[in-house]
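Read through the structure below, which is laid out as structure tokens, and then see the notes.
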Amino acid sequence: MTERTFSIIKPDATRRNLTGKINAVIEDAGLRIVAQRRIRMSKAQAEKFYEVHKERPFYGELVDFMTSAPVVVQVLEGPNAVAKYREVMGATNPAQAADGTIRKLYAESVGENSVHGSDSLENAGIEIAQFFKDDEIVG
Ligand code: CMP
């Protein structure tokens, strides 16, 4: 089934000028970038986006990191895009990520792990709506 998922290229990756290299991995995997914007995430946006993690010990660090430099927010489209992108990203901890995945190739640590991808179709819809209007997504 054709799906859309939400992606973020995180500050550790934009700082190292890796946007194009990460987009190449995404496109080579058959996912289409149907919306994309480079933004500086506000503290309020990051807090809201990661609200599910607010009781975790790393929440404050995560919000600080996500607001520390520009990010690229994206909508990716393709067959089974949610699961496909999670496969392309690799495990959250780059030490456990499979060869050829974005995190194996580029991530620095479990916190600074270069990319985010939605964990379910339902969350993809919620996350996309936090950053994009419908008419900004051109499939
Ligand atoms: P992400 O997919 O964006 O969703 C939650 C994020 O929390 C995750 O990627 C990591 O960047 C971050 N995270 C998860 N576990 C840890 C951890 N142990 N320490 C710091 N950050 C973490």
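Each value in this text was obtained by applying a stated rule to the coordinates, not by laboratory testing. These numbers were taken from a predicted model, which means no experiment stands behind them. Heads up, the Cβs are rebuilt from the backbone with ideal geometry, glycines too, and the neighbour counts pull from every protein chain shown.
Checking each residue in the range 73-86 for being more than 13 Å from the ligand (Cβ to nearest atom) and free of Cβ contacts under 8 Å to residues at least 40 places away in the same chain picks out only Ala83. Screening Ile22 against (1) outside any strand (DSSP E or B); (2) within 12 Å of the ligand (Cβ to nearest atom); (3) crowded, with 21+ Cβ neighbours inside 10 Å leaves a single unmet condition, (2).
Taken over the range 102-139, the criterion of being among the basic types (Lys, Arg), closer than 18 Å to Met89 by Cβ and more than 14 Å from the chain's Cα centre (by Cα) is satisfied by Lys104 alone.
Would you please list the contacts, defined by Cβ atoms under 7 Å and residues six or more apart or on different chains, that run from a residue in the range 51-72 that is within 16 Å of Gln130 (Cα to Cα) to a residue that is among the charged types (D, E, K, R) and within 11 Å of the ligand (Cβ to nearest atom)? Cβ pairs passing all conditions: Met66/Lys10; Val71/Lys10. A Cβ distance below 6 Å, combined with a sequence gap of six or more or placement on separate chains, defines the contacts here; from the range 3-21, residues that are under 13 Å from Arg38 (Cβ atoms) and in contact (Cβ under 8 Å) with a residue 40 or more places away in the chain reach no residue that is surrounded by fewer than 20 Cβ atoms within 10 Å (Cβ to Cβ) and of a type in the set (D, E, K, R).
Looking at Ile33, Ile22, Ile8, just one residue is in contact with a His (Cβ under 7 Å, 6 or more places away or on another chain), of a type in the set (A, V, I, L, M) and within 27 Å of Asp135 (Cβ to Cβ), and that residue is Ile8.
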